[in-house]
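To keep things clear, I will list the structure first and then write my remarks on it.
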Amino acid sequence: MDKFAFITGATSGFGEATARLLANNRYSLVLMARRNDRLEVLKRELESEECKVYTLQTDVREEAAVIAAVESLPKEVKSNIHILVNNAGLAVGRGPIESGITDDWERMIDTNVKGLLYVTKAVVPFLIQNKSGHIVNIASIAGKEVYPGGNVYCATKHAVDALSRSMRIDLVQYGIKVTNIAPGAAETEFSIVRFKGNEETANSVYDGYNPLIAQDIAETILFVVSRPAHVTINDLTIMPTAQASATVLWKEN
Ligand code: NDP
Ligand code: 8X3
């Protein structure tokens with residue numbers, strides 16, 4: 001039977017690149033995100049005899065929708081989910097706490113923390129049933145350190161880091177692996193979303209150095225999920241070579 005990887009945030013960046021790479025490595029896919037047009041394009045591109053693709057147009061912030069979406073999958077798909085990549089997430093805005101916008105804060109907390117919990121709660125019973133499986137949580141260097149104006153985004157990614165560690169403790173009895181991945185600056189649609197469509201500001205984040213690209217993270221995910229059964233990689237921090245910490249970036253003039 002096909003091995004399914006369930007990927008949230010599959011319509012862009014890390015999630016999309018991971019979907020492509022896992023499809024090329026004999027996984028079938030369940031792809032979750034809000035933009036259905038992109039999900040359908042990806043499904044058409046990746047579906048083959050070896051790779052079945054199910055798309056779930058779902059906002060991870062809506063618990064009832066997440067539960068219904070997972071329930072809607074055929075039984076043989078649910079019972080063959082081997083990998084859950086909790087990747088859907090975003091930063092909205094960057095600035096000091098005193099001028100923070102509560103709606104931005106809520107979008108980040110609801111997506112990055114509560115959404116990850118809702119999806120995990122809906123999917124983990126199938127991993128438990130099989131007494132195996134692998135959860136890969138996409139955290140961030142912002143979950144290891146803080147930086148000016150990063151306040152709430154950093155708090156949500158610290159929460160993801162803590163959840164990875166506690167999930168590992170809760171799920172070890174079922175033989176379920178949990179890996180936390182903490183990337184530094186990567187050029188995806190992340191900054192366009194963070195700066196609310198302002199392309200000039202978004203592009204300036206990546207000026208003067210070589211940032212990570214989505215493929216770097218996809219290859220890392222493939223590596224961690226393809227270790228032997230007795231090996232778990234708990235935590236990986238991956239940075240562009242020019243980035244020494246959340247705040248130290250070596251830029252060429
Ligand atoms: P992108 O903006 O390129 O991709 C984000 C993905 O998340 C999209 O597919 C989007 O799909 C999905 N998403 C966002 N909100 C929701 C939602 N409410 N429900 C379902 N899906 C949602 O960014 P990245 O690929 O860079 O980001 C992926 C993850 O990596 C995020 O968790 C981010 O915080 C983290 N990260 C990013 C870094 C970077 O520098 N780029 C570095 C470290 C971590 P759609 O809009 O269709 O719903
Ligand atoms: C995204 C990387 O440094 O902008 O998580 O927080 S950073």
Exactly one of (1) over 20 Å from THR11 (Cα atoms); (2) out of contact with any helix residue (DSSP H, G or I) (no Cβ under 9 Å at 6 or more places or on another chain) is unmet by ASN130. Its number?
-> (2)
Note on the stretch 179-193: residues more than 9 Å from ligand 2 (Cβ to nearest atom) and either open to solvent by 20 Å² or more (accessible area, probe 1.4 Å) or in contact with a Leu (Cβ under 6 Å, 6 or more places away or on another chain) (or both) are ILE181, GLU187, THR188, GLU189, ILE192, VAL193
Say we look at the stretch 220-253 and pick out the residues that are touching a Leu at 6+ places or on another chain (Cβ under 9 Å) and under 12 Å from PRO183 (Cβ atoms); which of these is surrounded by the fewest Cβ atoms within 10 Å (Cβ to Cβ)?
-> ILE238
Unmet requirement for LYS196, which otherwise passes all of (1) open to solvent by 50 Å² or more (accessible area, probe 1.4 Å); (2) at negative phi | (2)
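Only one of GLY175, GLY149 is more than 12 Å from ligand 1 (Cβ to nearest atom), farther than 22 Å from SER226 by Cα and in contact with a Lys or Arg (Cβ under 8 Å, 6 or more places away or on another chain). Can you tell me which? Walk me through how you get there before you give the answer.
Working: GLY175 fails: farther than 22 Å from SER226 by Cα.
Exactly one residue qualifies, and that residue is GLY149.
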Conditions (1) in contact (Cβ under 8 Å) with a residue 12 or more places away in the chain; (2) under 21 Å from ARG107 (Cα atoms): number failed by ASN198 | (1)
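Taking the residues in the stretch 133-166 that are farther than 21 Å from LEU90 by Cβ and open to solvent by less than 30 Å² (accessible area, probe 1.4 Å) as candidates, determine which candidate is nearest to ligand 2 (Cβ to nearest atom).
Keep residues of the stretch 133-166 that are farther than 21 Å from LEU90 by Cβ, which gives 133-134, 165-166.
Restricting the remaining residues to those that are open to solvent by less than 30 Å² (accessible area, probe 1.4 Å) gives 133-134.
Values: GLY133: 25, HIS134: 22 Å.
The qualifying residue nearest to ligand 2 (Cβ to nearest atom) is HIS134.
Do you know which residues across the stretch 103-119 are more than 11 Å from ligand 1 (Cβ to nearest atom) and in contact with a helix residue (DSSP H, G or I) (Cβ under 7 Å, 6 or more places away or on another chain)? Walk me through it before giving the result.
Filtering the stretch 103-119 for residues more than 11 Å from ligand 1 (Cβ to nearest atom) gives 103-106, 109, 117.
Within the stretch 103-119, TRP105, ILE109 qualify.
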Residues in the stretch 203-219 that are open to solvent by 60 Å² or more (accessible area, probe 1.4 Å) and not polar (S, T, N, Q) total 3
Over the stretch 81-121, the set of residues closer than 17 Å to LEU31 by Cβ and not polar (S, T, N, Q) is ILE81, HIS82, ILE83, LEU84, VAL85, ALA88, GLY89, GLY115, LEU116, TYR118, VAL119
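The values are calculated or read from the model by the stated rules, or taken from the named source; none is laboratory data. Only a predicted model underlies this, so the values are computations on that prediction, with no experimental measurement involved. A quick note on method: Cβ atoms are made from the backbone with ideal geometry, for glycine too, and the neighbour counts reach across all protein chains shown. In case anyone asks, the SASA skips ligands and DNA or RNA and just uses the protein heavy atoms, side chains included. Shrake-Rupley method; radii C 1.70, N 1.55, O 1.52, S 1.80 Å.
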